[in-house]
């Protein structure tokens, strides 16, 4: 079928859609909450889910190739009022035009209803279900397992299992509604191609996701319905699609036999994932991961991997974003394709090194066959489809601003600091306190979420949940991998290097004077700080403080994990646009950063401080122990000028970096003139997708703040 | 310049350079040049000494450069000596290049060729690829614009291509008001064909970054393309390096 002919229209339907608000889910979930109020937690949540799927508007017109939508029109903001009705801080930063997006658009009966009832923080996302189970076995298989387990379950488990049953059956019913809608659309359509598309969707939805998929199309259709179903259940943010080239590997021969058709289907599938409107166009960081080896060392790239790369190359989605897992024996064609895309400025795929991530997970207690099945869940967090979500921001704890901690330490206890190591000692103490508090809060949060707002359908697709009759947060096999969140690390390293030079080295200033100078904007001091060694330049005078800072943090975290008899905590570094979020309210910091400026957006050099080019930045990062970042990959963004980035250069940098222990790498290939023109003429640059700290975004949709930051970065090259 | 052979006076080291030879390269800019081309791109590196330059021991410099070895190996890159005029410090350059050769690093040298042959002799067995400037075929023009002896340059190029014919790339800085005219380029093409018949030619468009007011070195894309056509009649492989 010539899906290609429809793709442009399908893309226009998505990218050309006006920002709106869809009240379907908000109305239905409000109705359901009132109606099913007396049911036990899991059953009530599942019945609410069913009520949504039974009542929501189905849109089979915007993307006739696949069934699946979360709001009545593409990108119309889908509300989850049970978790609050608001535009989150990060979306405000990324899209200034969405700040007042919900104002006056949500009926009072809905806002008032949830005023006193909402659950607060929840719908934490950042996980990937095992889509392979849905594709290979179908939901009826899960329903049969639920029946098997039910007899031996206790009362609490039985209510969760009942919730799972309702959830799976609701999904099958939802697919049936799509089949009806598609058949009706087929009967009304004149264009033979559209008729064929609708009929194929109808036939597929009569079968999947209830039964095993029989071909590539059905496999993609099953995945899309399952994915959007989980979004509608309320999990919401950053639910990720796992490893589709493994889930669909059985259809690799079919994809190989007609690569063009396979690519066209994946393009339509990506539009389907991109239509997830949980936050309108603010929806971000649904990760798709492809490539990589398994625990036997076998490269798992196949024709589906190539179809995903080709599809991302031709359809300019920013969400989902694509990660490619590298290992030394990766398929050469896949690597060449990835390098060509990056050199052209596509800003995807983002690259991850199996040889750093998988062994670190094994060391943390993950079975090798699971560890080598890892994927990205969200911005840069790590997970394992259906087996681990908690190594991501889902259950990350701490959220510590490293430079903020140092700043605070210097201000409160300047007199007792006699050397830079004293600062690190105080930093270490703070980390320990933050981790202790964060851990307690985390435990409380898990219990509350799993008991009060369990996600039964999501859990049914995760391992261990049916058997244990429990929510995924507690029942997945690796629910004890803990990630401590940090940001501002590069700023903290620069602060330590500058303080060493100005205060404890030959500079001769007192620490109190240094702080005063920073606060008063002492130009001479700021100039000297600017000239001090900076992290990310392969300069050991600065880089040694990165190692010292990480060692201090590790010591503190090990004390806390040891005290609670938990596996060592991993570290996760900066996500999404948190560098702005944390930077905006923060005063001047001891690295010379001025009040309100963003923090470093990557584990590499702070913006504007890379003096020796990208190889020096990569060398600095190579000095870190990458295996500590198994909660989330460490988020390293390298910017190259458009004229200089050939596929060969990109590939050389990446392979050299990974072969010597690098963990993760993102390329932005930017052209300042092009970005300036795109800001002025957004209509001409629909396809321009860029990478910011933890997200990919279509440049023309970004806030002025983010656009200007990228332009400055490109101008500095 | 009076430097011990184990030392170099360097103006700068730049990593991740992509236009100074194959692959990803680190370029060492040597301080000092005997010419004084009015369009020079690095005029601060012309004087034999400068407050900004640093003297380095060649072994230590080699160690410092090796920090990017992993990228050179993957990309087929290496180290390029530029300047200034590297051959003004031929002894030190030879020591550095020998050290890099021992470490099996690919080595390029960029030269204007206006030095006694003795300097080339020290380096000729140590260089994988030469970038040899051919600025003009007119001795008067060359003397006036660059302050050098064209015959010396011609002799050196002839000798060099005689010794290592496949290791020489000719570079033509295309300068408005100096060598961008059709007649001059025609003569220059003939000179390249005579002295370096097997060499590729790269045209480097001039720019006005460091040019005195009242003068203009920059050329247009059209002028570059015209120059390429003229030179292509004489050399096997001519490209414009923007």
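Going through region A:614-631 one residue at a time, which ones are more than 10 Å from chain B (Cβ to nearest Cβ), farther than 8 Å from residue A:537 by Cα and at pLDDT 90 or above? Working first, answer last.
Let us first name the residues in region A:614-631 that are more than 10 Å from chain B (Cβ to nearest Cβ), namely A:620-621, A:623-631.
From what is left, the residues that are farther than 8 Å from residue A:537 by Cα are A:621, A:623-631.
Of everything in region A:614-631, those that are more than 10 Å from chain B (Cβ to nearest Cβ), farther than 8 Å from residue A:537 by Cα and at pLDDT 90 or above turn out to be A:621, A:623, A:624, A:625, A:626.
Before we move on, is residue A:595 more than 12 Å from every other protein chain (Cβ to nearest Cβ) and without any contact (Cβ under 8 Å) to a residue 40 or more places away in the chain?
Details: more than 12 Å from every other protein chain (Cβ to nearest Cβ): yes; without any contact (Cβ under 8 Å) to a residue 40 or more places away in the chain: yes.
Answer is yes for this residue.
From A:319, A:299, A:331, grab the single residue that is more than 24 Å from residue A:569 (Cβ to Cβ) and modelled with pLDDT under 95.
A:319
Does any residue of region A:617-633 turn out to be out of contact with any strand residue (DSSP E or B) (no Cβ under 7 Å at 6 or more places or on another chain), surrounded by fewer than 24 Cβ atoms within 10 Å (Cβ to Cβ), free of Cβ contacts under 8 Å to residues at least 40 places away in the same chain and closer than 22 Å to residue A:495 by Cβ?
No, every residue in region A:617-633 fails to be out of contact with any strand residue (DSSP E or B) (no Cβ under 7 Å at 6 or more places or on another chain), surrounded by fewer than 24 Cβ atoms within 10 Å (Cβ to Cβ), free of Cβ contacts under 8 Å to residues at least 40 places away in the same chain and closer than 22 Å to residue A:495 by Cβ.
Among helices (runs of 4 or more DSSP H) lying entirely in region B:47-134, which contain 2 or more residues that are over 30 Å from residue B:191 (Cα atoms) and more than 14 Å from chain A (Cβ to nearest Cβ)?
On the way: elements: B:58-65, B:69-75, B:90-102, B:117-123.
Of the helices (runs of 4 or more DSSP H) lying wholly inside region B:47-134, those with at least 2 residues that are over 30 Å from residue B:191 (Cα atoms) and more than 14 Å from chain A (Cβ to nearest Cβ) span B:58-65, B:90-102.
I need the full set of residues from region A:641-674 which are part of a loop (DSSP other than H, G, I, E, B) and either within 19 Å of residue A:357 (Cα to Cα) or within 13 Å of another protein chain (Cβ to nearest Cβ) (or both), in order please. Write out each step before concluding.
Initial filter on region A:641-674 (part of a loop (DSSP other than H, G, I, E, B)): A:645-646, A:660-663, A:671.
Answer for region A:641-674, where residues must be part of a loop (DSSP other than H, G, I, E, B) and either within 19 Å of residue A:357 (Cα to Cα) or within 13 Å of another protein chain (Cβ to nearest Cβ) (or both): A:645, A:646, A:660, A:661, A:662, A:663.
Here are the criteria: (1) surrounded by fewer than 20 Cβ atoms within 10 Å (Cβ to Cβ); (2) free of Cβ contacts under 8 Å to residues at least 60 places away in the same chain; (3) under 25 Å from the mean Cα position of the chain (by Cα). Tell me which single one residue A:450 does not satisfy.
Of (1) surrounded by fewer than 20 Cβ atoms within 10 Å (Cβ to Cβ); (2) free of Cβ contacts under 8 Å to residues at least 60 places away in the same chain; (3) under 25 Å from the mean Cα position of the chain (by Cα), only one is false for residue A:450: (1).
Are there any pairs with C-beta distances below 8 angstrom linking a residue in region A:258-273 that is on the phi > 0 side of the Ramachandran plot and assigned by TED's automatic domain parsing to the domain that holds residue A:227 to a residue that is crowded, with 24+ Cβ neighbours inside 10 Å and in a helix (DSSP H, G or I), with the two at least 6 apart or on different chains, and if so which?
none
Only one of these is in contact (Cβ under 8 Å) with a residue 60 or more places away in the chain and within 17 Å of residue A:713 (Cβ to Cβ): A:667, A:658. Name it.
Details: A:658 fails: within 17 Å of residue A:713 (Cβ to Cβ).
The match here is A:667.
What is the one condition in (1) out of contact with any strand residue (DSSP E or B) (no Cβ under 9 Å at 6 or more places or on another chain); (2) away from chain B (no Cβ under 14 Å) that residue A:576 does not satisfy?
Only one criterion is unmet by residue A:576, namely (1).
Filter region B:3-19 for residues that are under 19 Å from residue B:94 (Cβ atoms) and within 14 Å of chain A (Cβ to nearest Cβ) and give the result.
Of everything in region B:3-19, just one residue is under 19 Å from residue B:94 (Cβ atoms) and within 14 Å of chain A (Cβ to nearest Cβ), namely B:13.
Within region A:72-95, is there a residue that is in a strand (DSSP E or B) and under 29 Å from residue A:384 (Cβ atoms)?
Looking through region A:72-95, at least one residue is in a strand (DSSP E or B) and under 29 Å from residue A:384 (Cβ atoms).
Any chance you could count how many residues in region A:13-37 are without any contact (Cβ under 8 Å) to a residue 40 or more places away in the chain, out of contact with any helix residue (DSSP H, G or I) (no Cβ under 6 Å at 6 or more places or on another chain) and farther than 27 Å from residue A:267 by Cα?
Total meeting the criteria: 3.
The values are calculated or read from the model by the stated rules, or taken from the named source; none is laboratory data. Everything quoted here is computed from the prediction, not taken from an experiment. When we count neighbours, we look across all protein chains shown, and the Cβ atoms used for this are built from the backbone with ideal geometry, even at glycine.
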